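Working notes for the structure below.
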Amino acid sequence: MKSAVETLSPTRAKLTVEVPFEELKPSLDAAYKAIAQQINVPGFRRGKVPPMVIDRQVGREAVLGQAINEALPQVYSEALRENELEPLGQPELEITRQDDEGLEFVAELDVRPEVEVPEFEGLEVQVEDAVVSDEDLDEQLNAMRERFGTLADVERPAADGDFVTIDLQATKDGEPVEGAEITGTSYRVGRGGMLDGLDEAVTGMSAGDETTFTSQLVGGDLVGQDVEVALKVTGVQEQELPELDDDFAQTASEFDTLDELKDDLRERLARGKRIEQAAEARDAVLEKLLEAVEIPLPESMVAEELTARRQSIEQQLAQAGMTLQAYLDEEEQTVDEFEADLEKRVRDAVAAQFLLDEVAKSREFGIEQQELSEHLVRRAQQSGQDPQEFANHMFAHNHIPDLVQEILRGKALALMVESATITDASGNPVDVANLRPDGTLGDPAEAGDAEGDEGDEGVAEYAVGGSADEPADEPADEATDETTDEAASDEGAKS
């Protein structure tokens, strides 16, 4: 076999391969044998039909074509290895000659670009202070009080924070909209997320009051269109919160005193702040490194990822009961600005993958079976699936190599972050090397004992579970956070 490569661009190559007939002989023999098992020829037993008879029955070209189809994948793979090409996606392949002299084909394909990793030892980045304020603590305590609060009927107009029982009916041109009617639903004034204009309409209404307002539906055939909404308030309740004292601490927690509860909450908040700090450090390090290196990107790969991201965003918004236009209005962003921002994020994410892959390759990182198992469990939890079912799906659809690459990228990013010099806004050093996944700080001796594991477990897990492939949060994740109060994952690799 002879092969030659022509570089069309830093991410595109043209591979020309010539295979002499002698090298195709095993595949040709296999094709004759397979066809002999499939045809019936008078005078010959099935499977014993001679090649010359098969040529007369089905044609030499058909046999040669089957042989080439069988040999082509292996020949293509060998040519890639011989020329040290790392393909990205399927090639555009054209067979230019196939006859008794052999096979010749040309493949144009996207290839992994060469990446020169910038120096990351001692890279300086700054993050926000990890300070738990009194306001942070009060917010947590108030959230706990609300969970243990009670509702009491009131004979006054509804105000912000009250709970109202409402009936809604949407109409279009005087006709009721099918599926756009609810009765006896409890709604908290000021919460938002149901219908635009509902908070303004219901504020100041008392039990028995009725009104109408114009809004837009977030689902159904009339999504995005103006409809008239008839609103009736059948009840108004205010929430009565328990007093913050030792009795409340005993009711709401395992602690005997309010001071013990506050100390525990403050420590939990501090752990969360440290995790947020690590996320900010991770993003800052990756962003600085991407600014320091120019990585050519395959446009087809960018376009494919853009389409996937766009569909994912629309799906998440739909699940949250929000249209894309409503989200853009809320963010005060135009469609063009959204598209430009999304493309930048995608390009940064693809570039980050190439950068992290190169670091993992140069450091010869590896993974253990336990790491893969733990990563499978984390990914299953993130997607809300049963771990065993998730693992079976990954194996069945050959996604395990993708998961392995995610882990390696996480280790590469963890190495970069741990190698950087990180300080907070007050100038204090930030310790990420000893940060555990739960936000606590381990003993530096633990990191020394784990030397040789290609990166601290906590940081590596955080890097993979957070955003090993992206330097910034996904817009859809922000929308989902704001509308459903659930933390959305910004995993870069697809499954």
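The values are calculated or read from the model by the stated rules, or taken from the named source; none is laboratory data. Computed from a predicted structure; not experimentally measured. Ideal geometry is used to build each Cβ from the backbone, glycine not excepted, and the neighbour counts take in all protein chains shown.
Computed values, structure above
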{"quantity": "Tally of residues being in a strand (DSSP E or B) and either small (G, A, S) or outside the structural domain of K172 (by TED's automatic domain parsing) (or both) across the stretch 208-229", "calculated": "1"}
{"quantity": "Some residue of the stretch 86-106 being free of Cβ contacts under 8 Å to residues at least 24 places away in the same chain, of a type in the set (V, I, T) and not assigned by TED's automatic domain parsing to the domain that holds L24", "calculated": "no"}
{"quantity": "Residue identified as touching a strand residue (DSSP E or B) at 6+ places or on another chain (Cβ under 6 Å), among the charged types (D, E, K, R) and within 30 Å of D247 (Cβ to Cβ) among D129, D153", "calculated": "D153"}
{"quantity": "The stretch 90-108, subset among the polar types (S, T, N, Q) and not in a loop (DSSP other than H, G, I, E, B), residue surrounded by the fewest Cβ atoms within 10 Å (Cβ to Cβ)", "calculated": "T96"}
{"quantity": "Odd one out for E139 among (1) modelled with pLDDT of 90 or more; (2) more than 30 Å from R191 (Cβ to Cβ); (3) of a type in the set (D, E)", "calculated": "(2)"}
{"quantity": "Checking G193 against (1) without any contact (Cβ under 8 Å) to a residue 60 or more places away in the chain; (2) within 27 Å of T323 (Cβ to Cβ); (3) small (G, A, S), the condition it does not meet", "calculated": "(1)"}
{"quantity": "Counted residues, the stretch 291-318 - those being closer than 30 Å to L435 by Cβ, touching a residue at least 24 places away in the same chain (Cβ under 8 Å) and surrounded by fewer than 19 Cβ atoms within 10 Å (Cβ to Cβ)", "calculated": "3"}
{"quantity": "The stretch 372-385 residues that are outside the structural domain of D402 (by TED's automatic domain parsing), paired with ones that are modelled with pLDDT under 90 and surrounded by 17 or more Cβ atoms within 10 Å (Cβ to Cβ) (beta carbon under 8 Å, 6 or more apart)", "calculated": "none"}
{"quantity": "Output for the stretch 58-86, where each listed residue is closer than 13 Å to P26 by Cβ and of a type in the set (D, E, K, R)", "calculated": "E70"}
{"quantity": "Candidate set from the stretch 168-187 (those that are among the small types (G, A, S) and surrounded by 15 or more Cβ atoms within 10 Å (Cβ to Cβ)); member that is modelled with the lowest pLDDT", "calculated": "A180"}
{"quantity": "Unmet criterion (only one of (1) in contact with a helix residue (DSSP H, G or I) (Cβ under 7 Å, 6 or more places away or on another chain); (2) under 30 Å from S186 (Cβ atoms); (3) not hydroxyl-bearing (S, T, Y)) for P157", "calculated": "(1)"}
{"quantity": "Residues satisfying the stated conditions in the stretch 343-371, i.e. within 13 Å of P298 (Cα to Cα) and of a type in the set (G, A, S)", "calculated": "A349, A351"}
{"quantity": "Subset of the stretch 146-170 (residues that are of a type outside the set (S, T, N, Q) and either without any contact (Cβ under 8 Å) to a residue 40 or more places away in the chain or in a strand (DSSP E or B) (or both))", "calculated": "L151, A152, D153, F163, V164, I166, D167, L168, A170"}
{"quantity": "Close pairs (6 angstrom Cβ cut-off, 6 or more residues apart or separate chains): surrounded by 14 or more Cβ atoms within 10 Å (Cβ to Cβ) in the stretch 63-79, among the small types (G, A, S) and not in a helix (DSSP H, G or I) anywhere", "calculated": "A79/S3"}
{"quantity": "Matching residues in the stretch 318-373 - criterion: being of a type outside the set (D, E), in a loop (DSSP other than H, G, I, E, B) and under 25 Å from V117 (Cα atoms)", "calculated": "R363, F365, G366, I367"}
{"quantity": "Residue tally, condition under 20 Å from the mean Cα position of the chain (by Cα) and either crowded, with 19+ Cβ neighbours inside 10 Å or not acidic (D, E) (or both), over the stretch 258-284", "calculated": "7"}
{"quantity": "Residue match in the stretch 45-52 (condition: hydrophobic (A, V, I, L, M, F, W, C), modelled with pLDDT of 90 or more and not assigned by TED's automatic domain parsing to the domain that holds V302)", "calculated": "no"}
{"quantity": "First in the stretch 346-370 and without any contact (Cβ under 8 Å) to a residue 12 or more places away in the chain, second anywhere and part of a helix (DSSP H, G or I) and crowded, with 21+ Cβ neighbours inside 10 Å, Cβ under 9 Å, 6 or more apart", "calculated": "K361/L408; K361/A412"}
{"quantity": "Options G174, G235, G224: the member that is under 30 Å from A326 (Cα atoms) and touching a Leu at 6+ places or on another chain (Cβ under 9 Å)", "calculated": "G224"}
{"quantity": "Complete set of residues in the stretch 109-138 that are more than 21 Å from T421 (Cα to Cα), out of contact with any Pro (no Cβ under 6 Å at 6 or more places or on another chain) and either in a loop (DSSP other than H, G, I, E, B) or not hydrophobic (A, V, I, L, M, F, W, C) (or both)", "calculated": "R112, E114, V115, E116, V132, S133, D134, E135, D136, D138"}
{"quantity": "Candidates V154, V177, filtered to the one that is β-branched (V, I, T), more than 32 Å from the chain's Cα centre (by Cα) and within 30 Å of A252 (Cα to Cα)", "calculated": "V154"}
{"quantity": "Residue within the stretch 156-167 that is within 24 Å of Q325 (Cα to Cα) and either in contact with a strand residue (DSSP E or B) (Cβ under 7 Å, 6 or more places away or on another chain) or crowded, with 17+ Cβ neighbours inside 10 Å (or both) present", "calculated": "no"}
